[in-house]
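Here is the structure we will look at.
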Amino acid sequence: MSELNKNISDFDEFQKQEQYINALQDILYARAGNKQPLAMVRTYGCQQNVADSEKIKGMFEQMGCSLTDNEEDADIIIFNTCAVREHAEDRVFGNVGALKPLKKKKPSLFIGLCGCMMEQEHIAEKIYKSYPYVSLVFGTHEIQRFPVLLYEAVTSKRIIARGQDDGKIYEGIPIHRDGSFKGWLPIMYGCDNFCSYCIVPYVRGRERSRKPDIILNDAREMVKAGFKDITLLGQNVNSYGKGLDEDIDFATLLKQVSDIDGDFRVRFMTSHPKDVSKKLIDTIAENDKICNHIHLPVQCGSDRILKRMNRKYDTEKYLEIVDYAKSKIPDLSITSDIIVGFPGETYEDFQQTLDLIRKVEFTSLFTFIYSARVGTPAAKMDDPVPYEEKAKWMSELLKVQEEIAAKRCAAMVGKTYRVLVEEQAKNGMLSSRTANNIIVEFDGSKDLIGTFCDVEVTQARNWILRGKKL
Ligand code: SF4
């Protein structure tokens, strides 16, 4: 553990950021061969990581760097890592290994790693020992200290900085938003739910909510800057407000954001089913700007397994929420996360998951085969079902979901939807998104990207629609 952590209190240090940023402007310029340094931030994992990377990019811009997506051109490379599944971690190890020849070719290249993976002591130490060309390793609670850590790592020694969760939220960090019309707005950090398979509470700390006036100010700024689609972010947005002086809950905050003047729409993720209130669903139903889409991870359809997962709800409660939401919100889209093959899950349990999927008729699913995370209770549980067997279950599930998605999309043919045009698809058509989160492709000029337009759906292709602009 570097000495740096022990000397200066976080807040004082945060105050002195500017000094470090100013000093780094000259240092990085010189290191880049007396030209503007190019910084690259690669993001792995979830939207929370994307939002964190936008802060790191914002701080790089303050240091006089411009941004690149090309490793070969970069003078500084930061990987913002994810620890949610083994696969994500393996990718990071592989990609860090691939930087070795680049560092050999360009000794002045600076390489650093941050994010959830680096918040785990055993991983941070492994990176530090096995990849001597990585000069900086810092965890999720250190983002606000990035300029200080970078300064130390560039001027003196390799650094590991993690495990210092002071439970505070540091506001005022510059943000470089990747998008210009679609953006992320974090409202809270951390999670107190401790689902037995999940590493997040151990790497992202305890729940803490940002102050509502700061969030509303950010939202107003985004609307003024032309953002058309704003997603409120948190590991569990439904517990927003806990621990704040202000007496506010998530439904109230969502309403306040949707009351901001302007032509835009609001989304949110992620919701924990145990905290979804009727008030929230009514708020969505009563406000046009709030998208008729709820991402509601159920994870499994077996109550026995939900208990082992420590999810704190059962399928009856889950279906109750779904039924109420469908009764209140027209054309509602519900998406979800499903883990297949949780330790101890039997084929009979799995069949209950398929039953639930058929009952809810999700628009789409994020599906994963269980991946043990070191340090989580589930990692110690007996897991007798072989991976190959779980993979067979997964393909059975995907088949069921494919049929449901196709049926849902077919029911949208002939209807007209207001879509936000997001990009040009590989097939040259424009790719757009409905408020209820379904992709519609249609022919049109690239000038429409970033704007709303009305499209009549003419065809359904599995879970993607085709249409014509009205
Ligand atoms: S709610 Fe559960 S799955 Fe989601 S981040 Fe928290 S602990 Fe993980």
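The values are calculated or read from the model by the stated rules, or taken from the named source; none is laboratory data. Since this is a predicted model, take the numbers as computed values, not measurements. No Cβ is skipped: glycine too gets one built from the backbone with ideal geometry, and neighbour counts run over all protein chains shown. Side chains are part of the model used for accessible areas, which takes the heavy atoms of the whole protein and leaves out ligands, DNA and RNA. Shrake-Rupley method; radii C 1.70, N 1.55, O 1.52, S 1.80 Å.
Here is how the numbers come out for the structure above:
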item	result
Filter pass, A219 being within 30 Å of E423 (Cα to Cα), more than 16 Å from the ligand (Cβ to nearest atom) and buried (at least 21 other Cβ atoms within 10 Å of the Cβ)	yes
Number of the condition not met by G262 [criteria: (1) within 24 Å of the chain's Cα centre (by Cα); (2) open to solvent by 10 Å² or more (accessible area, probe 1.4 Å)]	(1)
Residues of segment 161-180 that turn out to be small (G, A, S), surrounded by fewer than 21 Cβ atoms within 10 Å (Cβ to Cβ) and either within 9 Å of the ligand (Cβ to nearest atom) or in contact (Cβ under 8 Å) with a residue 24 or more places away in the chain (or both), as a count	4
I230 of a type outside the set (S, T, Y), open to solvent by less than 30 Å² (accessible area, probe 1.4 Å) and either in contact (Cβ under 8 Å) with a residue 24 or more places away in the chain or more than 16 Å from the ligand (Cβ to nearest atom) (or both)	yes
Among (1) closer than 30 Å to R373 by Cα; (2) modelled with pLDDT of 95 or more; (3) open to solvent by 70 Å² or more (accessible area, probe 1.4 Å); (4) not acidic (D, E), the one test that Q62 misses	(1)
Condition met for Y131 (at pLDDT below 95, of a type in the set (F, W, Y) and more than 16 Å from the ligand (Cβ to nearest atom))	no
Considering residues of segment 181-208 that are open to solvent by 20 Å² or more (accessible area, probe 1.4 Å) and not in a loop (DSSP other than H, G, I, E, B) only, the residue nearest to the ligand (Cβ to nearest atom)	V200
Elements of type strands (runs of 3 or more DSSP E) in segment 406-470, at least 1 residues being at pLDDT 95 or above, touching a Gly at 6+ places or on another chain (Cβ under 6 Å) and buried (at least 18 other Cβ atoms within 10 Å of the Cβ)	430-434, 439-442, 452-461
Residue check for T458: among the hydroxyl-bearing types (S, T, Y) and under 25 Å from T231 (Cβ atoms)	no
Lone qualifier among D213, D275 - being at negative phi, surrounded by fewer than 22 Cβ atoms within 10 Å (Cβ to Cβ), away from the ligand (no atom under 16 Å from the Cβ) and not hydrophobic (A, V, I, L, M, F, W, C)	D213
Residue list for segment 8-42, restricted to those being closer than 30 Å to K182 by Cα, at pLDDT 95 or above and open to solvent by less than 50 Å² (accessible area, probe 1.4 Å)	P37, L38, A39, M40, V41
Contacts under 6 angstrom Cβ, first residue in segment 181-209 being over 30 Å from F452 (Cβ atoms), partner outside any loop (DSSP other than H, G, I, E, B) and of a type in the set (A, V, I, L, M), 6 or more apart	C191/V200; S196/A378; Y197/A378; S209/M188
